[in-house]
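Only the coordinates and a few stated rules stand behind these numbers; no lab work does. Not measured: the values here are computed from a predicted model. We place every Cβ from the backbone using ideal geometry, glycine too, and count neighbours over all the protein chains shown.
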Amino acid sequence: MVRAWLFLCLASASAAPPALAQQASVAPDGSAAARDQRPPYVLGVGDVIETAAIGRTDFNARVQIGDDGAVALPFVGSVPAAGRTVLQLRDDLRKRLTSGGFLEDPVVAVSIATYASRFVTVLGQVNQPGVVPMDRAYRLSEIVARAGGANAAADAVVLTRLDGTSQTVSLRAIAGAPVGQDPTVQPGDKVFVAPPSTFYIYGAVNTPGAFPMARAMTVQMALARGGGLTPVGSAKRVKIVRDGQELKADLDEQLRPDDVLVVGERFF
């Protein structure tokens, strides 16, 4: 019974944790049955790990990876940890315990108690802005979700990499797209959920003011957003102030960010 129990423990310890397990790559057709491949988490300075050896208590430890990238553990002393996966560190500890004559054929377990070395900064129109720890590889939509989700009117997300390059992604677009079109976020990246574009409307409308603009909004839609025309308002006397110029507006014309609609009164 004891031998069978040890075999089960060894099999369990050899399996990658669910959060770190690599998944199948995306199928060419983007089917839901295939999942994107996620690399395992790589340990870094500041992470806190826990170690144990089955059947022993003198190897149990909870230690933080130091600035030198190493951890100090019972029996084996200082061991490099930064830049390794949990499985790589576990196998190294097992070899050190065996070769040093400390334990015979030990079953070693290593787990991450605190993720501190890898994180992404999320700012802007999210419900919980701040630093999000990266315990595995995440897609952009997942990071936004971990920050509490985007505010209702927000859509555009700016993803800035460590090298300074950036890309703007539509949350609505990636929500319904194959997983391969949802960018993978890397440790150190910055995610900014931008506020929605705004247009302004005043004059002979019932609710003048500033309003968030939908991705595709016509002048007629904007008039409806402004509460509709007043009894003296005229749909034929609508102008757009754009880039300092005043233009006559057609009801089917597409609005641009920061456009100002001026609704005139009709002649009796």
Assigned charges on the beta-carbon of Lys, Arg, Asp, Glu; region 119-193 dipole about Cα centre (debye):
40 debye
So, R0 is 22 Å and r is the distance between the beta-carbons of Leu162 and Asp68; what FRET efficiency does that work out to, to 0.05?
0.45
Place a +1 charge on the Cβ of each Lys and Arg in region 198-265 and a -1 charge on the Cβ of each Asp and Glu, then give the dipole magnitude about the Cα centre in debye, rounded to the nearest 20.
100 debye
Go through Ala152, Thr198, Val238 and say which Cα lies farthest out towards the positive end of the charge dipole of the chain; charges sit on Cβ, +1 for Lys and Arg, -1 for Asp and Glu.
Val238
When Glu104, Glu253 are ranked with the fewest other C-beta atoms within 10 Å first, the list becomes Glu104, Glu253
Within a Cβ distance under 12 Å of Arg242, other residues only, what is the Lys/Arg minus Asp/Glu net charge?
-2
Hz values of 3J(HN,Hα) by residue in region 42-48 - Karplus curve (6.51, -1.76, 1.60), Gly and Pro given as x
9, 5, x, 4, x, 5, 10
How high is the FRET efficiency from Thr98 to Val131, r the C-beta distance, R0 45 Å, rounded to 0.05?
0.70
Using a 7 Å offset from the Cα along the Cα-to-Cβ direction at both Ala235 and Gln220, what is the distance between the two label points in nm, to one decimal?
0.6 nm
With θ set to phi - 60° and the Karplus curve 6.51 cos²θ - 1.76 cosθ + 1.60, what are the ³J(HN,Hα) couplings of region 152-162 in order, to the nearest whole Hz, using x for Gly and Pro?
3, 8, 6, 9, 6, 10, 9, 9, 10, 8, 4
Starting from 0 in steps of 10 Å, tell me what percent of the Cα-Cα pairs of the chain lands in each bin.
6, 21, 20, 17, 13, 9, 7, 5, 2, 0, 0
So how tilted is helix 86-99 from the main axis of the chain? Cα-based, degrees 0 to 90, rounded to 10.
10 degrees
Name the residue farthest towards the positive end of the dipole of the chain from the options Gln64, Thr218, Gly228, assuming +1 on Cβ of Lys and Arg, -1 on Cβ of Asp and Glu, about the Cα centre.
Gly228
Within region 194-219, find all residues whose amide N lies under 18 Å from a label point positioned 7 Å from the Cα of Asp252 along Cα-to-beta-carbon.
216-219
